[in-house]
Amino acid sequence: MESLAIFVILAGVFGMLIDRIARPNRYAQMTNEEFEQDAKKGSLLGAVVIGLERSLTPTRGRLQDRGEIAYRQRCNICGW
């Protein structure tokens, strides 16, 4: 029973691989205008992803400011 399940999974993976390899190149049939429109869509999506990543990850400067503020607060408590 297990060997049948493994065989079905492997057959599906190989079938998808063969389908992917045999599929014609989508850029082969495009005109230059269609290609440029597709490239603009891709670059817009990339810009959105980069902007989202930059907004979610703190920058080095903000982390350094937080560290300095925490250091000053500790020094004020100690009386330095």
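Along the charge dipole of the chain, Cβ charges K/R +1 and D/E -1, which of I21, G46, I9 sits furthest on the positive end? The residue sitting most towards the positive pole is G46. Seen against the Cα atoms of the chain and their longest principal axis, helix 60-78 is set at about 30 degrees.
The alpha carbon gyration tensor of the chain gives principal lengths a ≥ b ≥ c with a/c of 1.5 or higher and a/b no greater than b/c, which makes the shape oblate.
If I take R0 = 35 Å and measure r between the Cβ atoms of S43 and L17 in this structure, what FRET efficiency does the formula 1/(1 + (r/R0)^6) give, to the nearest 0.05? List each step's numbers first, then the result.
Details: r = 29 Å, r/R0 = 0.84.
It comes out at approximately 0.75.
Per residue, the chain reaches -28500 deg cm²/dmol at 222 nm when only DSSP H runs of four or more residues are counted, each adding -39500 (n - 2.57). Calculated FRET efficiency, T57 and S3, Cβ-Cβ r, R0 41 Å, to nearest 0.05? Efficiency for this residue pair is about 0.30.
No lab work stands behind these numbers, since they all come straight from the coordinates. What you see is a predicted model; the values in this text were computed from it and never measured. Note that we place each Cβ from the backbone using ideal geometry, even for glycine, and neighbour counts take in every protein chain shown.
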